[in-house]
Structures are given as C-alpha cells and as structure tokens.
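Down below is the structure, laid out as structure tokens.
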Amino acid sequence: MKRLVFILFILPCFLFSQHVIKGTFTPAESYNVLLLYKVTPTISEYVASSKLDEHGHFEIKLDASLSKGVYRLVYAVPQEDYNFDVIYNAKEDIELSFNAETGVSYINSFENKLLSSYTSSMSMVTQSIGNYFRQKSNDTLALKSIFKTQKETQEGYEKAAEGTIALDFIKANKPYTPNKYLKIDAYIKALKAHYFDYVDYSNPALQSSSFLTEKTLNYVFGMSSSSKDKLAVFKKNIDVVGEKMKVAPKEVQRALLFDLWQQMADLKLEPIANYISETYLMDVAVALNDQELLRALILYKDLSNGTQAPDFLLETEQGNTGPAKRLSELEIADYYVLVFWSSGCSHCLDEVPQLKSYVEAKPKGNIQVVAVGLEDEPTRWKELIGHFPNFIHVYGKEKWKNEVAQSYGVKSTPTYFILNRNKEIVDKPENFDAVKAFFSR
C-alpha cells in the first residue's frame with residue numbers, strides 16, 4: 001500500500017513535468033513581449049507569451065503536452081521579420097541570450113547549441129575557402145586541406161547529431177566538397193550545380209522552419225551576383241527552385257513562392273515578380289482556391305509599370321467638370337500625376353499644396369494633376385479643392401470602398417501614380433519627394 005501511494009504521488013510529476021524556454025534580450029529597453037509559436041509545414045500555432053522584465057529577462061513555461069519540433073520566438077513587429085527558430089526536443093530546458101547585433105546564442109540546450117556550433121564551424125571553413133581564392137594562391141595542397149577539413153567537420157557533426165531534430169538541418173546544409181583541386185570559376189559553377197543535392201523540400205522538419213525560405217532566397221539572389229543580365233539569371237534560378245519545391249505540399253509552395261515574390265516586389269523588380277506569379281504562384285493559388293492571393297497578384301500585375309492605367313470617370317459630386325469625361329480621354333499634358341488624397345489626412349494637407357506649387361513652376365502642358373479625394377462625406381473636401389483650381393478633381397465616395405481606389409490598390413493616403421501621355425503607368429512614387437525625384441531624372 002505504501003508503494004502504491006508513493007507511485008500515485010510521483011506519477012503526476014512525471015506526467016505533468018514542465019520544461020521552460022528562458023533567457024535575456026539586450027538591450028532590455030528595446031523589447032517588451034515575446035510570443036512563442038509551434039511551427040508546422042502549413043501553419044504557425046500560438047503557444048504562449050512572456051513579458052520581459054527591466055533587465056530583459058523572460059521565461060516561458062512549456063506545457064508537458066507540447067510535442068517536440070521547431071518553435072518560433074517573435075520579439076517585434078512585423079512578426080515575419082523579427083523572429084528566430086528554436087528546436088524543442090521535449091527533453092530539456094532551453095536557455096538563450098539574444099542581441100539584435102550578434103543574434104542568438106544558447107546557454108543550455110544540446111540540440112540548439114549543436115546546430116549553432118555547426119553553423120559557426122562551417123561558416124569558418126567557407127570563409128577559409130573564400131580567403132584562399134581571394135589571395136589567388138597556387139598552393140593546391142592548402143586548398144585540398146581546407147576541403148578535407150570541410151568534409152570531416154560535416155561528418156563529425158552528423159555523427160554527433162544522430163537521433164536529433166538538428167540532424168535534418170545539418171544534413172540538408174551539407175556543402176559541396178570537391179574531391180580534387182578546382183579553379184575558382186569551376187568551383188563556383190560546381191557550387192551552383194550541387195546547391196540542392198541534400199535539400200529535401202518534402203522534409204517536414206525543414207518545412208516547419210525558415211530553412212527552406214533562406215535556401216531558396218540565397219540561391220535565387222546569391223547565384224546571380226556576377227551576371228550582367230540579372231533578370232534572365234533570376235528567371236533561370238527561379239525555374240530551378242520552382243522545380244525543386246514541387247515535392248512539397250501546395251501550402252508550403254505558396255509560402256516559399258510568396259516570400260520570393262514579395263522580395264522581388266519590394267526591390268521593384270516587377271518583371272521578375274510577375275514571372276513568379278504567372279509561372280508558379282497563380283497556379284498554386286488556384287489549386288488552393290486562394291482568391292485573396294489571386295486578386296493581389298492580378299492587381300499587382302495590372303498596376304505594374306508599362307501597363308495601361310485603370311480607366312475611370314472624371315467626376316465630382318456634380319458630375320463632369322473637366323476637359324474630358326474619362327482619364328483615358330485626357331490629352332492635355334506630357335505626364336499626369338494621379339494622387340489619391342483625403343481632406344482628413346495630415347500628410348495629404350502637407351504634400352498636396354507642395355505638389356500644386358511644384359507643378360505650377362513647370363511649363364504649361366508638362367504635368368497635369370488628377371486628384372481623387374477619398375471621403376466619407378464631401379463637406380470638407382469641397383472647401384479644400386478651391387485651393388487647387390488647376391487640378392482635375394474627382395470625388396471618391398465611400399473612401400476605402402471607392403471603386404477607383406480599389407482598382408488602384410490604394411490602402412493609404414496620399415498615394416501617387418505617374419502616367420505618361422498614353423496613360424501608361426511609369427512610376428509609383430512613395431511620397432512627394434519621390435515625385436520630384438522622378439521628374440528630375
């Protein structure tokens with residue numbers, strides 16, 4: 001009976017024992033709250049959160065029912081930019097320190113320390129190879145020795161990581177190691193040819209992390225830096241990764257392709273962003289019935305530079321008052337600045353008068369402003385448009401729900417588009433200074 005009571009007493013301790021993730025963020029004043037997510041191939045599931053104290057310390061208690069896998073710590077917004085992954089094996093606590101300049105380092109956690117050590121060690125070997133080629137050395141034995149070290153380091157870490165989640169990442173990151181001396185051009189060519197030898201896009205552990213995203217982006221951008229025709233090389237590289245990722249579920253393909261598309265859009269490489277969309281991402285969106293993504297991709301393409309600007313009626317509340325009924329019918333200037341603004345927008349009230357002065361200083365017929373006022377009701381707008389008599393004013397009823405605003409994807413004011421004489425979009429300046437920069441070119 002005593003034995004039974006003892007077992008019944010200690011059993012809950014085993015069943016409900018908890019592990020923790022704890023550590024320190026510096027500088028402490030830069031961080032407030034941490035969010036923890038369990039990452040799966042298709043979704044990130046919220047697990048817990050922790051406030052950081054005045055010293056930057058935090059602690060998150062992990063429920064005993066949490067399964068092993070890859071987890072993500074988010075420390076700022078936007079969440080997709082300010083995070084890092086940790087491996088949780090359901091056997092040990094994780095203790096770490098983080099600094100925005102130096103990144104994350106692990107104080108306790110065998111798997112995370114092992115993977116971090118592996119990454120650091122292989123980085124040093126890669127740096128040695130780079131130094132060798134930069135020095136234009138002819139010491140072939142020295143290069144062979146570096147390659148030997150690279151091979152032995154990889155094998156050593158794979159052996160040390162047996163039975164761990166970290167092994168999936170170590171194997172997938174296995175570098176190409178030639179078995180003979182190669183000159184730099186041949187080596188770079190071989191690196192590209194063997195880049196994906198060990199990267200398995202169907203591996204759930206890799207899918208449940210940022211690893212595949214980083215590998216994809218590194219290949220597309222890193223393997224094109226020396227080419228003169230970067231756009232052509234980008235397309236070839238995208239075709240390679242597009243083919244490799246076909247073994248992954250559509251949801252994973254969507255995430256990887258969208259990240260790549262977003263990178264190109266942010267860099268204003270519209271032809272490449274549209275290539276990704278038309279060749280790969282739209283098909284994935286259709287397969288997933290992702291109507292929101294489809295609409296976003298189509299809108300982006302329709303508003304790309306060189307496309308015909310969406311047409312609309314040039315009407316105020318009282319009807320047409322301008323020199324033409326529709327935007328497409330205007331024939332009074334070399335360029336048209338289309339600005340979406342609002343009478344309740346402080347930035348607009350600062351920039352629109354500057355736009356007026358700037359355009360008036362130009363030769364007549366050079367620039368015509370078409371101003372679409374996005375309003376919930378017209379009273380204030382009517383008072384203000386009298387200050388801009390040379391603008392063509394359009395009343396944007398229902399503000400963000402306005403049909404014209406939606407056709408141009410307007411989400412904030414002021415938003416600018418510059419059109420040429422043929423009403424083709426030639427630029428999408430982020431602000432008034434960017435408008436001036438366009439015309440100064």
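For residue 44, the conditions (1) at pLDDT 95 or above; (2) buried (at least 16 other Cβ atoms within 10 Å of the Cβ) are fulfilled apart from (1).
Between 145, 209, 202, 137, the distinction of being surrounded by 15 or more Cβ atoms within 10 Å (Cβ to Cβ) and not hydrophobic (A, V, I, L, M, F, W, C) belongs to 209 only.
Give me the residue from region 423-435 that is touching a residue at least 40 places away in the same chain (Cβ under 8 Å) and out of contact with any helix residue (DSSP H, G or I) (no Cβ under 6 Å at 6 or more places or on another chain) and, out of that set, surrounded by the most Cβ atoms within 10 Å (Cβ to Cβ). Taking the candidates together, the pick is 435. For region 370-399, what are the residues that are more than 22 Å from residue 422 (Cα to Cα) and in a strand (DSSP E or B)? 373, 374, 375, 395, 396, 397, listed by residue number. Only one of the listed residues (298, 276) is surrounded by fewer than 20 Cβ atoms within 10 Å (Cβ to Cβ) and either assigned to a loop (DSSP other than H, G, I, E, B) or outside the structural domain of residue 193 (by TED's automatic domain parsing) (or both). That residue is 298.
Residue by residue, here is whether (1) under 30 Å from residue 88 (Cβ atoms); (2) assigned by TED's automatic domain parsing to the domain that holds residue 126; (3) surrounded by fewer than 18 Cβ atoms within 10 Å (Cβ to Cβ) holds:
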| residue | (1), (2), (3) |
| --- | --- |
| 156 | yes, yes, yes |
| 169 | yes, yes, no |
| 176 | no, yes, yes |
| 214 | yes, no, yes |
| 221 | no, no, yes |
| 224 | no, no, no |
| 243 | no, no, yes |
| 257 | yes, no, no |
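The residue that is surrounded by the most Cβ atoms within 10 Å (Cβ to Cβ), among those in region 226-238 that are part of a helix (DSSP H, G or I) and out of contact with any Ser or Thr (no Cβ under 8 Å at 6 or more places or on another chain), is 235.
Scanning region 343-352 for residues that are in contact with a Phe, Trp or Tyr (Cβ under 8 Å, 6 or more places away or on another chain) and not in a loop (DSSP other than H, G, I, E, B) gives 348, 351, 352. Of all residues in region 357-369 being over 15 Å from residue 434 (Cα atoms) and part of a helix (DSSP H, G or I), which is nearest to the chain's Cα centre (by Cα)? My answer is 357.
Cβ-Cβ contacts under 8 Å between residues 6 or more apart (or on different chains), taken from a first residue in region 40-54 that is farther than 15 Å from residue 69 by Cβ to a second residue that is crowded, with 17+ Cβ neighbours inside 10 Å and of a type outside the set (A, V, I, L, M), are listed as 50/58; 51/58; 52/25; 52/31; 52/58.
If you go through region 16-41 and keep only what is surrounded by fewer than 18 Cβ atoms within 10 Å (Cβ to Cβ), hydroxyl-bearing (Ser, Thr, Tyr) and part of a strand (DSSP E or B), you end up with just 26.
Only residues that are surrounded by fewer than 18 Cβ atoms within 10 Å (Cβ to Cβ) and of a type in the set (A, V, I, L, M) were counted in region 48-88, giving 5.
The values are calculated or read from the model by the stated rules, or taken from the named source; none is laboratory data. Everything numeric in this text was worked out from a predicted model, so none of it was measured. So basically every Cβ, Gly included, is an ideal-geometry build from the backbone, and we count neighbours across all protein chains shown.
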